[in-house]
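Engineer: Below: one structure in structure tokens.
All of the numbers you see were taken from the coordinates with simple rules; none came from a lab. Remember, it's a predicted structure, so these values are computed and weren't measured experimentally. Ideal geometry is used to build each Cβ from the backbone, glycine not excepted, and the neighbour counts take in all protein chains shown.
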Amino acid sequence: MADQQTMVAEPQIETEKQRKSKAKKQPRYHVILWDDTDHSYDYVVLMMKQVFRLPIETGFQIAKEVDNRGRAICLTTTLEHAELKRDQIHSFGKDELIARCKGSMSATIEPVCE
């Protein structure tokens, strides 16, 4: 009989450093809506409902914040999702209730400071 070697796989023990790197979360980004005089509260409420699936009441609160502070955070999420939502705001179209309105509202993304 030939001499056979049997190899047994040893379980790998995960180090604390490996566990921490695995649990690392993606950086977060705010989607920020900027104020202008060419869009109505109704437009903002409708956009928040359609783009972010927010209730009318929350959309109205965001519209008030944009009007009062000049900007409002609509969502905090990952970079890829924030870019998608910013682009959806930019492509939402003009406000049909305001004749001088030429296009969509302005939105930006910025990293969350932690």
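Engineer: If neighbour count is taken as other Cβ atoms inside 10 Å, put Leu75, Leu84 in order from fewest to most.
Structural biologist: Least to most surrounded, the residues fall as Leu84, Leu75.
Engineer: What is the spin-label model distance, in nm, from Glu57 to Ser40 if the labels are put 7 Å beyond Cα along the C-beta direction?
Structural biologist: Label at Glu57, label at Ser40, 2.4 nm between them.
Engineer: Here is a further query. Kindly provide the pair-distance distribution of segment 37-111 built from C-alpha pairs, with 10 Å bins from 0 and whole-percent values in order of increasing distance.
Structural biologist: 20, 56, 23, 1
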